[in-house]
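A quick write-up on the structure given underneath.
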Amino acid sequence: MSELVSMRTDGGVAVITIDNPPVNAMKHEVRIGLLDLALRATGDPDISAVVIACAGRTFVAGADITEFGKPPRQPTAIAVIEAIEACPKPIIAALHGTPLGGGLELALGCHFRVAAPGTRLGLPEIKLGIIPGAGGTQRLPRLMGMDKAMAMILSGDPIPAREALDAGLVDEIVEDDLVAGAVAFARRVVAEKRPLVLVRNRDEKIAAAGDLAVFDAAAANYTKRARGQNAPVAAVAALRAALTLPIADALKRERELFLELVAGDQSKAQRHIFFAEREAAKVPDIAGVEACDVKRAAVIGAGTMGGGIAMCFANAGIPVTVVETGEEALARGLDTVTRNYRNTASRGGLAPGELEARIGRITGTTDLAAVADADIVVEAVFEDMGVKQDAFGRLDRIVKPGAVIASNTSYLDIDALARSTTRPQAVLGMHFFSPANVMRLLEVVRGAATSPETLATAIAVGRKLGKVPAVVGVCHGFVGNRMLRLRSVEAERLLLEGALPQDVDSALTDFGFPMGPFAMADLAGLDVGWRMRKAQGLTAPIADQLCECGRYGQKTARGFYLYEPGSRTPKPDPEVERLIADTAAQRGITRGTLGKDEIIERLLFPMINEGARILREGIARRPGDIDVIWVYGYGFPVHRGGPMHYADAVGLAYIRDRLGGFEHKTGDERHRPAPLLEELAVAGKGFASLGQ
Ligand code: T1G
């Protein structure tokens, strides 16, 4: 008998309660307890019905992910669900919090499901590089219909209880005491002798979805965006089996696909990111430090970043004041924010009333004194040290004591900004990524004087804004941009050595990135990088020349590529190819042919090497932090686990040797294998040996 699962009876109704904090993951001991009590309730003549509920903040949020990759132990979740389905008495699942994955599959094995109002139900397995493995791909479409089930399983996103009720996934919303409501529901089922039809036997919605051509067309919309991920393709195969195979065979097929994926490298990589994401915000030396409560925020600057950051606060329910130097710039910034919200609302992305509510939380002003009572101020002014130091000096004289003063700089020295105030302990970096209201990463830059309270508050705010906070130290470009610089230099070098922009970009998109460096540069605007390079005394042989002739990318319809009017589709430009060839010739570089693998290695190995330097310097605490930064901030394919996890899969000795070859070829000392990489390679170890 497991103490994680208990049973009591309430007037002939057995209430089985799981209590395995923090998220009632269905680990081995829970499965043992559940099976034991389900069988006991089945056999007990005094029990007429069963309710399965959970203590704590949520119903079962899935299988225990830490058990993956280990030998499976009986009973499996499938065995527990089959025991529930074999019970001749009504079994009701009482859902609250986030019943996800195996938790929702457990509920789908029950005869009925009732839910508390705020419940969010989902099958997020695809985010772990797997598919539902306990019947979700077969039972969910039988309850909700194929379209809705496909959307839930292929996106992995949860749906709210009300939507689940409308779709037939839950049978009742219980407004008050959930378990009492579930017991009452059970009694009604018994009293009304309601037929106990197992979900697995409800074929009407499956029959309705029988047209395979329609199914395949809908599925293609999802798999075309898979970018090399196996799980979406497997999920479609499992769902298709629901239409083509009898349930028992289809469940078997789902299990085969699940077991193949869970043992695969992609799922290992995505599980690594799952746990690394949760570790990245943990800073051992501030464990237990209370974050200050943030009721009001302010953003200095209403440009692209300032506007996006203000939206983050408004989206999280925090009133925010946006300050600009002039009325015109302020109006332009707020118009962009309003337009963004209207676009989202027009696509059905905002609940009724939310548009006005969010815009209503944003107040614009040109009076800096208006931010005096803000609990946190995020500076997002022009990326120039002088301009920022001036802003910090003025904020220091205005903002109330105890407030956090953060900079959204993407590479400037946070310690220098802190020294331009009388309260360096209240200063740190909060580096958002463009578009700030969309990108999930938040690089939290801890300065030398940043206090534990300030850091804890910034991390808590990051989480509240729905971001993935990753704590890093101060250096030029912090972690992400510092590594990106190495990739950008190499990308330009590859052009001179024989590649074309489309060769480099397609190598990275085939690898799994959403976009290659040259298409990305054209999207962001070549002039932005040009200005930063000039400010830092850096050059980019091709990009600089393109900018000198006014080719700034999409905004000028010409950059590394050509763009037809109104189109964002990059087209190769012979003029650029000629410019590259001429530049190479001027530099005495003989251009040759570079294969995809070589291009990938040349782009990724130097940045991995820089990652090793960053770890040795302590700018990043864990290799997993670097992986989280690259996956959530720079589009590194999640199914490869980020650059450091990927490096371990490739092998550090191989990378060390290739880098040696690059250094010999380019003469660039940054290609020299970093001491940490060398040490690990010699020891036959990977970055993972350094801890998550
Ligand atoms: N297994 C093990 N640990 C888990 C876990 C899980 N399923 N879910 C969360 N944790 C840990 C997490 O690492 C953290 O630990 C703590 O719980 C709190 O989590 C058969 C095979 C539920 C929405 O994918 O999405 O079922 O850092 O910080 O922000 O088909 O956790 O404190 O040491 O994230 O409030 C499917 C995963 C599994 C859901 C809560 N289920 N979890 O978010 O807290 S596959 C999932 C989440 C499956 C079946 C298949 C979130 C949450 P620590 P947290 P939160």
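The values are calculated or read from the model by the stated rules, or taken from the named source; none is laboratory data. Quantities reported herein were computed from a predicted structural model and do not represent experimental measurements. Here the Cβ positions follow ideal geometry from the backbone for every residue, glycine too, while neighbour counts run over all protein chains shown. Only protein heavy atoms, including side chains, enter the accessible area calculation; ligands, DNA and RNA are left aside. Shrake-Rupley method; radii C 1.70, N 1.55, O 1.52, S 1.80 Å.
Considering each residue of segment 355-374, count those that are under 14 Å from V322 (Cα atoms) and either open to solvent by less than 30 Å² (accessible area, probe 1.4 Å) or not charged (D, E, K, R) (or both), and give that number.
Count: 13.
Of these, G386, G349, which one is surrounded by fewer than 16 Cβ atoms within 10 Å (Cβ to Cβ), without any contact (Cβ under 8 Å) to a residue 24 or more places away in the chain and either in a helix (DSSP H, G or I) or basic (K, R) (or both)?
The match here is G386.
Name the helices (runs of 4 or more DSSP H) wholly within segment 476-536 that hold at least 3 residues that are crowded, with 21+ Cβ neighbours inside 10 Å?
480-497, 501-511, 517-524
Can you find a residue that is farther than 20 Å from L140 by Cα and surrounded by fewer than 17 Cβ atoms within 10 Å (Cβ to Cβ) anywhere in segment 193-204?
Yes, some residue in segment 193-204 is farther than 20 Å from L140 by Cα and surrounded by fewer than 17 Cβ atoms within 10 Å (Cβ to Cβ).
Considering L604, L615, which residue is touching a residue at least 40 places away in the same chain (Cβ under 8 Å) and more than 26 Å from R446 (Cβ to Cβ)? Break it down into steps so the answer makes sense when it comes.
Values: L615 fails: more than 26 Å from R446 (Cβ to Cβ).
Of L604, L615, the one residue that is touching a residue at least 40 places away in the same chain (Cβ under 8 Å) and more than 26 Å from R446 (Cβ to Cβ) is L604.
Check L198, L251, L243, L259 and return the single one that is in contact with an Asp or Glu (Cβ under 7 Å, 6 or more places away or on another chain) and touching a residue at least 60 places away in the same chain (Cβ under 8 Å).
Only one candidate passes the filter, namely L198.
Determine if segment 462-475 includes at least one residue that is within 16 Å of the ligand (Cβ to nearest atom), outside any strand (DSSP E or B) and open to solvent by less than 10 Å² (accessible area, probe 1.4 Å).
Yes; the residues of segment 462-475 include at least one that is within 16 Å of the ligand (Cβ to nearest atom), outside any strand (DSSP E or B) and open to solvent by less than 10 Å² (accessible area, probe 1.4 Å).
Go through segment 2-27 residue by residue and tally those that are of a type outside the set (G, A, S) and either part of a helix (DSSP H, G or I) or more than 16 Å from the ligand (Cβ to nearest atom) (or both).
10
Looking at segment 673-681, is at least one residue surrounded by fewer than 16 Cβ atoms within 10 Å (Cβ to Cβ) and more than 24 Å from V444 (Cα to Cα)?
Within segment 673-681, one or more residues are surrounded by fewer than 16 Cβ atoms within 10 Å (Cβ to Cβ) and more than 24 Å from V444 (Cα to Cα).
Is it true that G635 is open to solvent by less than 10 Å² (accessible area, probe 1.4 Å), under 17 Å from L508 (Cα atoms) and in contact (Cβ under 8 Å) with a residue 24 or more places away in the chain?
Working: open to solvent by less than 10 Å² (accessible area, probe 1.4 Å): no; under 17 Å from L508 (Cα atoms): yes; in contact (Cβ under 8 Å) with a residue 24 or more places away in the chain: yes.
No: the conditions fail for G635.
Within segment 68-89, can you find the residues that are touching a helix residue (DSSP H, G or I) at 6+ places or on another chain (Cβ under 6 Å), more than 13 Å from the ligand (Cβ to nearest atom) and of a type in the set (A, V, I, L, M)?
The answer is A83, I84.
Output the residues belonging to segment 48-66 that are open to solvent by less than 10 Å² (accessible area, probe 1.4 Å) and outside any strand (DSSP E or B).
T58, F59, V60, G62
Confirm whether G69 is at positive phi, modelled with pLDDT of 95 or more and surrounded by fewer than 17 Cβ atoms within 10 Å (Cβ to Cβ).
no
In segment 244-273, which residues are open to solvent by 60 Å² or more (accessible area, probe 1.4 Å), within 12 Å of the ligand (Cβ to nearest atom) and of a type in the set (A, V, I, L, M, F, W, C)?
Listed by number, the list holds a single entry, L259.
Given the structure, is I126 in contact (Cβ under 8 Å) with a residue 60 or more places away in the chain and open to solvent by less than 10 Å² (accessible area, probe 1.4 Å)?
no
Residues checked against (1) of a type in the set (D, E); (2) under 24 Å from the mean Cα position of the chain (by Cα):
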site: E254; (1), (2): yes, no
site: D265; (1), (2): yes, yes
site: K282; (1), (2): no, yes
site: V299; (1), (2): no, no
site: A302; (1), (2): no, no
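Provide a single number: the residues in segment 550-574 that are in contact (Cβ under 8 Å) with a residue 24 or more places away in the chain, of a type outside the set (F, W, Y) and outside any helix (DSSP H, G or I).
Looking only at that region, the number is 6.
Is there a residue in segment 575-582 that is loosely packed, with under 14 Cβ neighbours inside 10 Å, touching a Pro at 6+ places or on another chain (Cβ under 9 Å) and touching a residue at least 24 places away in the same chain (Cβ under 8 Å)?
Looking for residues that are loosely packed, with under 14 Cβ neighbours inside 10 Å, touching a Pro at 6+ places or on another chain (Cβ under 9 Å) and touching a residue at least 24 places away in the same chain (Cβ under 8 Å), one finds none in segment 575-582, hence no.
Out of (1) free of Cβ contacts under 8 Å to residues at least 40 places away in the same chain; (2) within 14 Å of the ligand (Cβ to nearest atom); (3) surrounded by fewer than 22 Cβ atoms within 10 Å (Cβ to Cβ), what's the single condition that is false for V30?
(3)
Of P90, P117, P141, which residue is in contact with a Phe, Trp or Tyr (Cβ under 9 Å, 6 or more places away or on another chain) and touching a residue at least 40 places away in the same chain (Cβ under 8 Å)?
Just one listed residue meets the conditions, P90.
So which residues in segment 219-237 are touching a Leu at 6+ places or on another chain (Cβ under 8 Å) and farther than 18 Å from G641 by Cα?
A219, Y222, A234, A235, V236, A237
Keeping to segment 278-329, report how many residues are without any contact (Cβ under 8 Å) to a residue 24 or more places away in the chain and either small (G, A, S) or assigned to a helix (DSSP H, G or I) (or both).
So the answer is 5.
With in contact (Cβ under 8 Å) with a residue 24 or more places away in the chain, over 23 Å from E598 (Cβ atoms) and either in contact with a helix residue (DSSP H, G or I) (Cβ under 8 Å, 6 or more places away or on another chain) or open to solvent by 10 Å² or more (accessible area, probe 1.4 Å) (or both) as the only criterion, which of P623, P643 stands out?
Only one candidate passes the filter, namely P623.
For segment 419-448, how many residues meet the condition of being among the aliphatic types (A, V, I, L, M) and closer than 14 Å to S407 by Cβ?
Taking segment 419-448 and keeping what is among the aliphatic types (A, V, I, L, M), we get 426-428, 430, 436, 438-439, 441-442, 444-445, 448.
Next cut, closer than 14 Å to S407 by Cβ only: 426-428, 430, 436, 442, 444-445.
Residues that pass the stated criteria total 8.
Which condition breaks for G592 when tested against (1) under 27 Å from the mean Cα position of the chain (by Cα); (2) surrounded by fewer than 21 Cβ atoms within 10 Å (Cβ to Cβ)?
(1)
Please enumerate the residues belonging to segment 33-47 that are within 16 Å of the ligand (Cβ to nearest atom) and open to solvent by 20 Å² or more (accessible area, probe 1.4 Å). Full working, then the answer.
If we filter segment 33-47 for residues that are within 16 Å of the ligand (Cβ to nearest atom), which is where we start, we get 34-35.
Passing the criteria: only L35.
Any chance segment 292-310 includes a residue that's β-branched (V, I, T), within 14 Å of the ligand (Cβ to nearest atom) and either at pLDDT 95 or above or open to solvent by 10 Å² or more (accessible area, probe 1.4 Å) (or both)?
Looking through segment 292-310, none of the residues is β-branched (V, I, T), within 14 Å of the ligand (Cβ to nearest atom) and either at pLDDT 95 or above or open to solvent by 10 Å² or more (accessible area, probe 1.4 Å) (or both).
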